[in-house]
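Any read-out appearing in this document is the output of simple, stated calculations on the displayed coordinates, not a laboratory observation. Quantities reported herein were computed from a predicted structural model and do not represent experimental measurements. Neighbour counts run over all protein chains shown; Cβ positions are idealised from the backbone, glycine included.
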Amino acid sequence: MRWLALLMIVACSDRAPEFSGIGQWRFTDSTLADATRGKCQPEELGDGRKGTWCFGNPPYQLGPNNAAVDLYFLGTEPTARLIEIQLQVRGCDEQALDRWITSNFGPAIERRPARAFWKNSFMWIAAQMPSQPGRCLVHLLPLSEQAEIARIKAQ
């Protein structure tokens with residue numbers, strides 16, 4: 001019986017850790033104080049909460065696609081937590097983007113025409129492929145943002 005417990009521990013430790021964000025941005029610990037390489041400004045979020053929008057951050061590479069990174073934080077103080085990462089891809093190769101997300105986050109939990117959704121223990125992802133001609137938009141949100149997830153899903 002002891003060997004079975006040991007085998008279960010080894011098997012569980014071989015699992016790849018789940019992503020809690022992308023690049024340097026993590027929903028588990030990124031705050032507004034970390035957003036030093038872009039421009040940030042106060043913003044009223046879609047649901048009326050006060051937040052901060054940070055744009056002009058270093059781009060992120062999604063396979064062959066280069067993405068502009070916009071960040072949204074809940075509040076305006078340095079300790080405000082990250083509540084959304086938006087990746088805007090111009091000249092988007094939809095199939096390559098879909099393959100990149102699937103290879104990093106697993107199979108989509110739902111697919112619709114020009115849209116797909118992924119989810120893990122930390123976050124939910126929506127990819128609009130394309131969102132406009134030649135462009136894709138990827139939303140990454142922590143699971144705590146259920147109202148925003150529902151709004152994006154309903155679009």
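How much length is gained on full extension from residue 81 to residue 61, taking 0.36 nm per residue of separation minus their Cα-Cα distance? All intermediate terms of the calculation are to be shown ahead of the outcome.
Values: separation 20, 0.36 × 20 = 7.20 nm, distance 2.35 nm.
That works out to 4.8 nm of additional length.
From its DSSP helices (H runs of at least four residues, each -39,500 (n - 2.57)), the chain gives a residue-normalised ellipticity at 222 nm of -6500 deg cm²/dmol. The mean of 1/r over all distinct Cα pairs in the chain, once inverted, gives the Kirkwood hydrodynamic radius of 16.6 Å. Placing R0 at 41 angstrom, the Cβ-Cβ distance between residue 90 and residue 34 gives a FRET efficiency of 0.95 after rounding to 0.05.
Here the gap between residue 49 and residue 147, fully extended at 0.36 nm per residue and compared with their Cα-Cα distance, gives a gain of 34.1 nm. Which residue, 61, 152, 113, has the largest displacement toward the positive end of the dipole of the stretch 54-152 when charges sit on each Cβ (Lys, Arg +1; Asp, Glu -1)? My answer, from the dipole projection, is 113.
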